[in-house]
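Computed from the coordinates by the stated procedures, all read-outs in this text should not be read as laboratory data. What you see is a predicted model, and the numbers here were worked out from it, not measured in a lab.
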């Protein structure tokens, strides 16, 4: 994904656990390629 401009993944934070709202496939591909960090939008659930 290096050099490719992708939108950030979207996560929701509930207590201490993150849930993926959008970006499941991007996360899977990043994991297979060994990418450890990616941009994300995090919404805290209150």
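Some observations on this one:
- Options (i) 4, 19, 19, 20, 18, 12, 6, 2; (ii) 6, 21, 29, 24, 12, 6, 2, 0; (iii) 5, 19, 11, 13, 9, 8, 9, 6, 7, 4, 3, 3, 2, 0 - which one matches P(r) over Cα pairs in 5 Å bins from 0, in percent as calculated here: (ii)
- Full extension of the chain segment joining residue 16 with residue 41 gains 7.4 nm, where the gain is 0.36 nm per residue of separation less the Cα-Cα distance.
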